[in-house]
1. Across segment 32-56, which residue is modelled with the lowest pLDDT among those that are in a loop (DSSP other than H, G, I, E, B) and open to solvent by 60 Å² or more (accessible area, probe 1.4 Å)?
2. Quick check: anything in segment 129-143 at pLDDT 95 or above, within 19 Å of ALA85 (Cβ to Cβ) and either open to solvent by 10 Å² or more (accessible area, probe 1.4 Å) or touching a Ser or Thr at 6+ places or on another chain (Cβ under 9 Å) (or both)?
3. With respect to SER93, determine if the residue is of a type in the set (Ser, Thr, Tyr) and in a loop (DSSP other than H, G, I, E, B).
4. Please find, among THR149, THR177, THR166, THR170, the residue that is modelled with pLDDT under 95 and more than 13 Å from the chain's Cα centre (by Cα).
5. Mind checking which residues of segment 181-234 are at pLDDT below 95, part of a strand (DSSP E or B) and either under 20 Å from GLY68 (Cβ atoms) or touching a strand residue (DSSP E or B) at 6+ places or on another chain (Cβ under 8 Å) (or both)?
Amino acid sequence: MGRSLVNAVLHFLHARARIVMAALALATLAGAPLAAQAQALAEWNPSGTVQSSTPLAPSSVAANVSAGTLALGPEISDPGPFANAFMGTNWPSTAFNAGAYMSFSTTGNLTYTAVVFSLYNNFDGTGNWELRSSADSFASALAAGTFSTISGAGQFISADVSALGTINGTVQFRLYTYNNAGTTNPLQRGIRGTGGGGSGLAVLGVANGGGPPVIAPGIPVPALGVPMLWALMALVGLAAVLGRRRSAG
């Protein structure tokens with residue numbers, strides 16, 4: 001029983017480590033007061049057998065925030081059930097397609113900093129990703145990049161969306177991929193959940209009003225200053241190392 005509990009704690013900390021590091025790095029670099037540091041406003045974590053034709057409800061939402069479902073856009077199809085991943089197929093192999101996306105939203109009086117996710121396919125492939133929002137009617141990219149190693153746990157991506165600033169209301173985000181290529185199922189892309197070693201999908205920022213800030217779902221920010229936060233990160237890193245050693249053994 002004791003070993004099972006240790007394993008469960010290690011798995012939880014390792015799965016959350018990348019979201020925690022992204023939020024903590026943003027908060028520290030910004031130099032903001034501790035009470036206004038970045039938190040996970042909402043998270044979507046595909047778990048178990050997932051059928052993407054059914055929109056995925058958020059798995060965690062911070063106080064004073066509401067969030068919509070993660071859903072496929074009109075040009076993207078459900079490839080069938082996947083384990084621990086919310087998947088779509090028919091992503092474009094050529095240029096950007098405005099109808100080929102996954103959408104999700106958050107509502108509240110929110111200051112946005114980043115969107116983090118693990119981009120996944122069960123086979124490696126390459127392509128471009130782009131994140132847009134309803135703030136400008138999806139006219140331009142908030143953040144963009146390329147990907148290449150997306151099998152296994154997926155490729156962890158942290159998209160800076162601080163250009164949104166503070167918005168009181170609903171913001172819908174759309175995640176696009178295009179120029180997709182690969183040897184097997186190259187038009188299949190999705191979000192890898194923590195059960196598969198990924199981070200899921202999370203919107204980071206500050207909820208302006210009520211409730212203690214958290215740096216990841218279920219992990220509150222202690223009121224002891226930045227040194228204590230970095231001590232927490234050392235613990236998370238140790239858990240990740242121990243988890244890898246246990247797996248290797």
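The values are calculated or read from the model by the stated rules, or taken from the named source; none is laboratory data. Bear in mind that the values here come from a model prediction, so they are computed numbers and not experimental data. When we count neighbours, we look across all protein chains shown, and the Cβ atoms used for this are built from the backbone with ideal geometry, even at glycine. Accessible surface is based on the protein model in full, side chains and every heavy atom, while ligands, DNA and RNA are left aside. Shrake-Rupley method; radii C 1.70, N 1.55, O 1.52, S 1.80 Å.
1. Let us first name the residues in segment 32-56 that are in a loop (DSSP other than H, G, I, E, B), namely 32-33, 37-38, 45-48, 51-55.
Imposing the further condition that a residue be open to solvent by 60 Å² or more (accessible area, probe 1.4 Å) reduces the set to 33, 47, 51, 53-55.
On the way: PRO33: 45, SER47: 96, GLN51: 97, SER53: 97, THR54: 97, PRO55: 98.
Here the residue is PRO33.
2. Within segment 129-143, one or more residues are at pLDDT 95 or above, within 19 Å of ALA85 (Cβ to Cβ) and either open to solvent by 10 Å² or more (accessible area, probe 1.4 Å) or touching a Ser or Thr at 6+ places or on another chain (Cβ under 9 Å) (or both).
3. For SER93, the condition - of a type in the set (Ser, Thr, Tyr) and in a loop (DSSP other than H, G, I, E, B) - is met.
4. Numbers: THR177 fails: modelled with pLDDT under 95; THR166 fails: modelled with pLDDT under 95; THR170 fails: modelled with pLDDT under 95.
Residue meeting the stated conditions: THR149.
5. VAL214, ILE215, ALA216, PRO220
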